[in-house]
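These notes concern the structure reproduced below.
The values are calculated or read from the model by the stated rules, or taken from the named source; none is laboratory data. Here the structure is a predicted model, which is why all the values come from computation and not from measurement. Here the Cβ positions follow ideal geometry from the backbone for every residue, glycine too, while neighbour counts run over all protein chains shown.
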Amino acid sequence: MRTAYRGVTLLELLIVAAISTVLALSSVAIFTRHTDSARVVEAKATMQLLMSRARVVYQRTDKVPNTLSELKMAPGDLASENFTADSFKFNSSGKNWKVTCEWVYRGSNPPHLTVTINLVTGAVEYKR
């Protein structure tokens, strides 16, 4: 007596392919979200460094720094996987020092993150 050979049907293969596709797409979405939040954390950490340097320079010289050289930094000091020295823009008005990191948030409006610090009191304000 022969046993009937039962193979995999086309419908079963399509179901497995559909489930695999859904799992792959959800993992891509999760990975993308994590890389975006890593960009934000990296930008904030670099901006914290810049703000600390700006406060030190202001306390020592009583001048508000507006360039990397006034912060005693080289452009390579800000180079990272996601940003370069050109990604950071400085601006000041009175004792308020502002640094903007461009293109932190991909695909959203506005894509920039701006941090304002009062060099006297140390008060910090993040704006998107």
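Kindly indicate whether ALA54 is surrounded by 15 or more Cβ atoms within 10 Å (Cβ to Cβ), assigned to a helix (DSSP H, G or I) and at pLDDT 85 or above. Yes. Kindly indicate whether any position in the range 3-18 is without any contact (Cβ under 8 Å) to a residue 12 or more places away in the chain, among the aromatic types (Phe, Trp, Tyr) and part of a loop (DSSP other than H, G, I, E, B). There is at least one residue in the range 3-18 that is without any contact (Cβ under 8 Å) to a residue 12 or more places away in the chain, among the aromatic types (Phe, Trp, Tyr) and part of a loop (DSSP other than H, G, I, E, B).
Looking across LEU78, LEU71, LEU50, one residue alone is touching a helix residue (DSSP H, G or I) at 6+ places or on another chain (Cβ under 6 Å) and either among the β-branched types (Val, Ile, Thr) or closer than 17 Å to GLY122 by Cα (or both). It is LEU71.
Here is a check on your reading of the model: is ALA18 touching a Pro at 6+ places or on another chain (Cβ under 6 Å) and modelled with pLDDT of 85 or more? Here the answer is no, as ALA18 does not meet what is asked. Within the range 95-109, if we keep just the residues that are of a type outside the set (S, T, N, Q) and more than 21 Å from LEU78 (Cβ to Cβ), the residue that is farthest from the chain's Cα centre (by Cα) turns out to be LYS95.
Check the range 65-80 and report whether any residue there is at pLDDT 85 or above, among the hydroxyl-bearing types (Ser, Thr, Tyr) and assigned to a helix (DSSP H, G or I). No, the conditions are met nowhere in the range 65-80. Which of (1) surrounded by 12 or more Cβ atoms within 10 Å (Cβ to Cβ); (2) part of a loop (DSSP other than H, G, I, E, B); (3) basic (Lys, Arg) does LYS44 not meet, given it meets every other one? Unmet condition: (2).
Residue-by-condition table, conditions (1) at pLDDT below 85; (2) in a loop (DSSP other than H, G, I, E, B); (3) over 25 Å from THR35 (Cβ atoms):
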residue	(1), (2), (3)
ASN91	no, no, yes
LYS98	no, no, yes
ASN109	yes, yes, no
THR114	no, no, no
THR121	no, yes, yes
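Of all residues in the range 85-109, those being over 25 Å from GLN59 (Cα atoms), free of Cβ contacts under 8 Å to residues at least 60 places away in the same chain and either of a type in the set (Phe, Trp, Tyr) or surrounded by 12 or more Cβ atoms within 10 Å (Cβ to Cβ) (or both) number 3.
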